[in-house]
There are 2 protein chains.
Amino acid sequence: MKNGISLKELAARLKLAPSTVSRALNDSYEISEATKKKVISMAEKLNYQPNPFARSLRENKSKSIAVIIPERINNFFAQVIDGIESITSEHGYHLLVYSTHEDVEKEKKIVSLLQNGRADAIVMSVSSQTNDISHLKNLYERGLPILFFDRVCAEIPTTKFITNDYESAFEGTKHLLQQGCKRIAFLMLSMELSITRERHRGYLDALKNAGIEPESRLSICCSHQDAENIQLITELLNSKSRPDGILASVEKLALSTYHAVKKTDLSIPDDLKVISFSNMSIPNLLNPSLTTITQPAEAIGQECAKILIKKLTKPRQPDLPNEVISLPSKLTIRESTLVR
Amino acid sequence: MKNGISLKELAARLKLAPSTVSRALNDSYEISEATKKKVISMAEKLNYQPNPFARSLRENKSKSIAVIIPERINNFFAQVIDGIESITSEHGYHLLVYSTHEDVEKEKKIVSLLQNGRADAIVMSVSSQTNDISHLKNLYERGLPILFFDRVCAEIPTTKFITNDYESAFEGTKHLLQQGCKRIAFLMLSMELSITRERHRGYLDALKNAGIEPESRLSICCSHQDAENIQLITELLNSKSRPDGILASVEKLALSTYHAVKKTDLSIPDDLKVISFSNMSIPNLLNPSLTTITQPAEAIGQECAKILIKKLTKPRQPDLPNEVISLPSKLTIRESTLVR
DNA sequence: TTGTAAGCGTTATCAG
DNA sequence: CTGATAACGCTTACAA
């Protein structure tokens with residue numbers, strides 16, 4: 001792999017000093033228009049490409065942003081990254097993307113790889129296993145800008161983007177109640193997760209608000225094994241005191257519910273109504289179509305990126321403020337919660 | 001952002017020369033065990049992290065691999081990247097991920113950003129718009145290792161990973177014929193795409209093999225606008241000589257078909273049988289469940305990565321050979337092609 | 001076995 | 001306005 005021509009060589013061709021060429025290319029004001037033009041045209045002719053590492057070394061910035069997500073095979077995270085990229089690419093930033101596969105150990109490894117300046121900032125959503133957050137604290141204390149979205153880490157005083165999880169879950173539960181559900185179950189991944197807690201609160205409050213005493217049996221913690229979850233939900237549905245409504249706090253649990261229902265004599269929505277947080281592209285092609293709470297994923301990514309770009313490009317910018325910014329999700333009612 | 005301690009500072013603490021410390025940390029053989037231990041323990045104590053850019057500058061390698069895909073919101077590509085990451089992360093490589101959004105101009109921009117050594121290699125699947133390939137040729141000629149998967153670029157003499165597209169399409173079409181289809185349509189994105197051409201060949205040959213003369217009207221080129229495609233397919237289904245079978249060469253076109261069918265009086269599989277190349281996670285939750293040809297996406301990613309790692313880590317490795325490696329896809333028959 | 005010094009390709013400082 | 005020089009943090013000849 002032969003790299004292109006260097007600044008020094010370009011300068012030699014032009015019979016100019018490297019510093020002059022550098023200034024011309026960086027559009028310094030203290031350069032004559034004439035030489036500026038000459039330099040630029042020669043640079044184009046020879047297809048000069050500055051070496052990013054020399055620059056990074058010199059300027060102590062990488063022009064890269066690390067994005068850490070719990071899983072790639074998930075429309076929500078893919079959309080967020082699209083949103084981030086749409087902004088950052090305009091500013092010459094590159095995206096290093098890492099998946100933790102919901103594994104804290106992997107998350108720690110990745111985070112430790114980012115301690116050395118390879119990325120100028122981190123945008124992340126924590127794994128569902130993450131309870132010890134020393135690795136994140138560590139990173140924060142080194143002064144690396146971190147920005148959380150969706151699954152945030154409350155203990156780190158930085159900017160966090162979330163959706164109105166409490167309200168959405170409240171509304172979703174209320175909708176199930178309005179459709180006649182009496183016993184609503186809440187499916188979740190892990191109580192450690194910020195989104196789980198908020199959504200669970202919304203669920204509980206909606207029940208209490210309707211004069212229903214929540215049963216702790218109906219708040220169900222699932223795993224990452226789809227097969228296990230399907231098994232668990234099947235048993236739930238076959239139990240004497242089965243629920244007649246389900247609020248899935250993440251998409252995969254709604255899908256497991258659909259699979260589980262197939263293994264029983266029940267049907268959605270007649271015997272069981274289902275609503276789920278989900279950014280899948282085809283909720284209306286499921287059988288029955290799925291009532292969803294959809295998060296503004298791309299907008300989240302864009303907002304994250306905008307704040308970050310401001311922080312990274314404006315000189316002497318203050319630290320990312322310790323605030324939580326909430327964007328609204330959207331409830332779309334479909335057949336899975338229909339009364340017929 | 002204060003970066004950590006430097007090698008020089010670490011050396012000062014140890015009262016050793018930087019070069020000695022460097023050698024100790026890089027496990028050079030020409031260093032006494034005693035100092036090696038001392039250095040390593042001190043490095044750990046002070047949490048020394050080598051500056052990646054200094055190293056990159058010096059060694060002229062980035063320890064990054066660029067992955068360019070046409071879209072992120074697509075399980076197939078997400079799975080491939082998971083596969084790549086599973087291998088490359090073990091070898092200390094970082095993944096720069098770019099999406100072209102099926103736009104050649106974006107693809108060109110991204111490619112041009114990678115001319116300066118920011119990535120040690122590129123793994124990519126070209127956009128469906130890509131017919132002018134000068135940007136890729138350019139990159140190849142600079143000596144940057146490029147590896148294509150799925151949507152490959154035949155003109156660039158490098159290693160390409162594909163699936164047995166011809167055979168899969170042949171088998172898929174044959175299956176439709178066996179299920180009684182007489183008029184089978186082929187839905188595609190763009191004739192420029194390697195996968196389109198192969199899959200189309202398989203489709204045509206299966207028809208001919210059954211003594212059916214292909215109708216060119218039934219080979220349908222769609223766009224990237226789902227709404228347009230649904231419209232197009234709806235019209236097709238409402239036409240007098242409508243097809244009774246559809247082979248979708250990419251998943252999104254099968255989904256558009258499902259949407260289109262909803263707008264007609266027809267039903268799948270009674271009036272129209274559908275089969276599609278697809279890596280979606282829930283083909284069996286669609287109504288009706290979708291017969292799919294699933295590509296071994298994660299394996300493709302892993303194989304790409306293995307070849308690349310070998311090329312990048314072994315000294316004096318030859319160029320990536322100009323060969324096409326094919327992995328088999330899997331046909332899974334579901335309700336959408338059922339006879340009842 | 002360890003130290004000295006040069007150099008990777010930039011940019012910033014200081015002279016001219 | 002332009003040029004010389006140092007420095008960013010690391011590795012590797014070459015010297016000792």
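Over the range B:7-50, what relative contact order in percent results from Cα pairs under 8 Å that are six or more residues apart? List each step's numbers first, then the result.
Numbers: 32 pairs, mean separation 16.1, N = 44.
With pairs under 8 Å counted, the relative contact order is 37 percent.
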(message) Which residue in B is nearest the B/A rotation axis when you measure from the C-beta atom, and what is the distance in Å?
(response) B:Asn287, 2
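Looking at the range B:40-183 from every direction and averaging, what is the projected area of its Cα convex hull in nm²?
Numbers: hull surface 49.8 nm².
Computed as one quarter of the Cα hull surface, the answer is 12.5 nm².
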(message) What is the sum of charges, Lys and Arg at +1 and Asp and Glu at -1, for the other residues whose Cβ falls under 14 Å from the Cβ of B:Leu237?
(response) +2
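If you take the beta carbon distance between A:Glu141 and A:Asp270 as r and set R0 to 60 Å, what does 1/(1 + (r/R0)^6) give as a FRET efficiency, to the nearest 0.05? Working shown, then result.
Working: r = 55 Å, r/R0 = 0.91.
Calculated transfer efficiency: 0.65.
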(message) Just to confirm the numbers: B:Ser223, label point 7 angstrom along the Cα-Cβ line, distances to the other copies in nm, shortest first?
(response) 4.8
(message) Could you work out the relative contact order of chain B? I mean the mean sequence separation of Cα pairs under 8 Å and 6+ apart, divided by the number of residues, in percent.
(response) 18 percent
(request) Using only Cα positions of the protein assembly as shown, each an equal point scatterer, no hydration layer, compute I(q)/I(0) via Debye at q = 0.08, 0.09, 0.10, 0.11 Å⁻¹ and quote the log10 values to two decimals. (result) -0.71, -0.88, -1.05, -1.22
(message) Between B:Ser281 and B:Asp226, how high is the FRET efficiency from 1/(1 + (r/R0)^6) when r is the Cβ-Cβ distance and R₀ = 22 Å? Nearest 0.05.
(response) 0.70
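Which entries of B:Lys137/B:Lys330; A:Lys63/B:Lys137; A:Lys262/B:Lys240; A:Lys63/B:Lys330 have Cα-Cα distances beyond 30 Å here? Can you show the working numbers first?
Values: B:Lys137/B:Lys330 33 Å; A:Lys63/B:Lys137 26 Å; A:Lys262/B:Lys240 37 Å; A:Lys63/B:Lys330 41 Å.
Check vs 30 Å cut-off fails for B:Lys137/B:Lys330; A:Lys262/B:Lys240; A:Lys63/B:Lys330.
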(request) Compare A:Ala66, A:Ala297, A:Ala54 in a GNM of chain A, Cα atoms joined below 10 Å, and give the one with the largest fluctuation. (result) A:Ala54
(request) Give me the Debye-computed log₁₀ of I(q)/I(0) at q = 0.19, 0.23 Å⁻¹ for the range A:108-192, equal point scatterers on Cα only, no solvent, two decimals. (result) -0.87, -1.13
(request) Among A:Leu187, A:Leu255, A:Leu16, determine the one that fluctuates most according to a GNM of chain A built with springs between C-alpha atoms less than 10 Å apart. (result) A:Leu16
(message) Placing the label point 7 Å from Cα along the Cα-to-Cβ direction, what are the distances from A:Ser241 to the equivalent spots in the other copies, shortest first, in nm to one decimal?
(response) 6.6
(request) Please report, to two decimal places, log10 I(q)/I(0) for the range B:7-50 at q = 0.24, 0.34 Å⁻¹ as given by the Debye formula with identical point scatterers on the Cα atoms and no solvent. (result) -0.73, -1.44
(message) Just to be sure I understand: with springs between alpha-carbon atoms less than 10 Å apart, which residue in A:Lys310, A:Lys174, A:Lys61 has the highest mean-square fluctuation in the Gaussian network model of chain A?
(response) A:Lys310
(request) Tell me the distances, shortest first, between A:Ser6 and the same position across the other copies, using label points 7 Å along Cα→Cβ, in nm to one decimal. (result) 1.9
(message) Give the separation of the Cα centroids, the range B:1-65 to the range A:281-340, in Å.
(response) 43 Å
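Using only alpha carbon pairs under 8 Å that are at least six residues apart, calculate the relative contact order of the range B:1-124 and give it in whole percent. Could the numbers behind the result be given before it?
Numbers: 128 pairs, mean separation 31.4, N = 124.
With pairs under 8 Å counted, the relative contact order is 25 percent.
Step by step: find N for chain A, compute 2.2 N^0.38 Å, then divide the Cα radius of gyration by it. What's the final number? It would help to have the intermediate numbers written out before the result.
Numbers: Rg = 25.5 Å, N = 340, 2.2 N^0.38 = 20.2 Å.
So the Cα radius of gyration is 1.27 times the expected 2.2 N^0.38 Å.
Between B:Glu59 and A:Leu327, how high is the FRET efficiency from 1/(1 + (r/R0)^6) when r is the Cβ-Cβ distance and R₀ = 45 Å? Nearest 0.05.
0.55
Here, each number is a calculation from the coordinates, and none is a lab measurement. Bear in mind that the values here come from a model prediction, so they are computed numbers and not experimental data. Cβ sites come from the backbone with ideal geometry, for glycine too, and all protein chains shown count toward neighbours.
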